[in-house]
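So the structure is just underneath, and the comments pick up after that.
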Amino acid sequence: MAIEVRIPTILRTHTGGAKTVEGAGKTLSELIDDIEARHVGLKERLVHNGDLRKFVNVYVNDEDVRFRGGLGAEVSDGDVVTVLPAVAGG
Amino acid sequence: MRFASLLDAVGQTPLVGLPRLSPAPDVRLWAKLEDRNPTGSVKDRAALRMIVEAEKDGLLRPGATLLEPTSGNTGISLAMAAKLKGYRLVCVMPENTSEERRQLLRMWGAEIVSSPAAGGSNEAVRVAKRLAEEHPDWVMLYQYGNQANALAHYEGTGPEILADLPSVTHVVAGLGTTGTLMGIGRFFREHKPDVTIVAAEPRYGELVYGLRNLDEGFVPELYDARLIDARFSVGPRDAVRRVRELLELEGIFAGISTGAVLHAAIAQAHQVVKAGRTADIVVIMADGGWKYLSTGAYEGTLDAAEDTLEGQLWA
């Protein structure tokens, strides 16, 4: 088993158009590093100065990682990680 | 209850138990029925408060033109108030919003400027900001950054919940402008800090996230992550499933976004049960289902409902 990562349209230039990619790691940070090895450039779009970029939201099993330790959030096999740009509601 | 006019009848909404959806006798869910506000949504609180504060500050004078980016409810609330107070209202609305919302806006006399579906409300905000530059005499109350939006909940919704349910342990609400949760969150941080504040945000179809680049992303100026404890993304399938359960089990006909909020609330309730604790969990029901009937979310299979909501701004 691996961790499924859902990629938004805007970042699929880094995944050859794939909507989902798979990766491994104990934390979100490790997972992003693992994916970056096969999808170069993705990390730079997600992370800046050691933190998630302001307009990037990442969810582990639908929960916003910013409330689970951010890049240090724990992940494990079978989790679904969703990346989305921040958009307005209301 | 008696009020001088409709504008005075905002708030003081009922809090009703959800005994059939509650997972245990001492882990209870409660719904705060914000559809009982004058135009049928929680946004009456924020819209009226923004107008009152702008009048106090001298920003709004008789005959003024209001401008607001809105996917619906805030526009409808502003339109009603603007009609009664003699203001003109221009709403910038994404074109992928339900027809009912447009009809209601027109009925109350608002003018609608459509913004492109791709990019959702981000585009509406951008178009509104451009219009504001072109028309410096128009007044944009700007729900995403106007402190009066959160203040309405800090002084209204939050205290109402605590008065009706002193044993409250959780409040779960939708996250759009973030005003509801910022106001309620700040109130409880100050008055009962052990209350867990949970946000449920709608997860839309890909079209809505179709920005040209990530720098076009948007975080409302009101948002302060310290005022909430957890934030969940809920897709249309779970939202529709829960909104149907709410009708089936408790008889409440709610808007689709309430399904998303209920989904997050039920997850909290199950966590509490697992931990062997007790809880009184308040679910903020933003509006009724009337405005969303044409989306098809209330009939047929979940698959069909999910398909029909793809690309729509359903919350």
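All of the numbers you see were taken from the coordinates with simple rules; none came from a lab. Given the structure is predicted, the values throughout are model-derived calculations rather than measurements. As a convention, Cβ positions derive from the backbone with ideal geometry for all residues, glycine included, and neighbour counts pool all protein chains shown.
Summarising the overall dimensions of the range A:12-60 from its C-alpha atoms, the Rg and Dmax are 10.5, 27 angstrom. Would you mind checking the range B:59-83 for residues with the amide N under 20 Å from a putative spin-label position 7 Å along Cα→C-beta of B:D137? Within reach of a label on B:D137: B:59-68, B:82-83. Rounded to the nearest whole Hz, the Karplus-based 3J(HN,Hα) values (6.51 cos²θ - 1.76 cosθ + 1.60, θ = phi - 60°) of the range B:86-97 follow the sequence x, 9, 8, 10, 10, 9, 9, 10, x, 6, 8, 10, with x at glycine and proline. Take the alpha carbon gyration tensor of the protein assembly as shown, find the square roots of its eigenvalues, order them as a ≥ b ≥ c, and report rounded if a/c is under 1.5; if not, report prolate when a/b exceeds b/c, else oblate. Cα axes put the protein assembly as shown in the oblate bin. If you take every DSSP beta bridge fully contained in chain B, what fraction is antiparallel? Give it as a percent rounded to 5. Antiparallel: roughly 15 percent of the beta bridges in chain B. Close amide H pairs (under 5 Å, H built 1.01 Å from N) link A:V47 with A:R53, residues at least 5 positions away or on another chain.
Subtracting the Cα-Cα distance of B:V113 and B:Q147 from their residue separation scaled by 0.36 nm leaves 9.7 nm. Report the net charge of residues surrounding B:L104, where surrounding means a beta-carbon distance below 15 angstrom and charges are Lys +1, Arg +1, Asp -1, Glu -1. Net charge around B:L104: -1. Value of Rg to Rh for chain B, rounded to two decimals, is 0.95; Kirkwood radius and Rg both from alpha-carbon coordinates. Net length available on complete extension from B:E206 to B:E155 is 14.7 nm, with 0.36 nm assigned per residue and the Cα-Cα distance removed.
Relative contact order of chain B, taken over Cα pairs closer than 8 Å and 6 or more residues apart, is 22 percent. Less than 17 Å from a label point 7 Å out along the Cα-to-Cβ axis of A:E4: which backbone N atoms in the range A:25-42 qualify, by residue? Hits in the range A:25-42 for A:E4 at 17 Å: A:25. Taking a Cβ cut-off of under 12 Å around B:L247, the surrounding Lys, Arg, Asp and Glu residues balance to a net charge of 0, with basic ones at +1 and acidic ones at -1. Say the cut-off is 32 Å between C-alpha atoms; which of A:K43/B:K192; B:K83/B:K291; A:K54/B:K83; B:K192/B:K274; B:K32/B:K56; A:K43/B:K43 go over it? Flagged as over cut-off: A:K43/B:K192; A:K54/B:K83; A:K43/B:K43. For B:R203, nonlocal amide neighbours, meaning residues 5 or more places apart or on other chains whose placed amide H falls under 5 Å from its own, are B:V234, B:G235. Placing R0 at 35 angstrom, the Cβ-Cβ distance between B:K274 and B:T301 gives a FRET efficiency of 0.70 after rounding to 0.05.
Expressed as a fraction of 2.2 N^0.38 Å, the C-alpha radius of gyration for chain A is 0.98.
A simple packing score, the average count of other Cβ atoms within 10 Å per residue, orders the peptides B:200-210, B:22-32 as B:200-210, B:22-32, with the highest score first. Could you give the Stokes-Einstein D for the range B:43-140 in µm² per second, using the C-alpha Kirkwood radius, 4 °C, 1.567 mPa s? Rounded to a whole number, D works out at 98 µm²/s.
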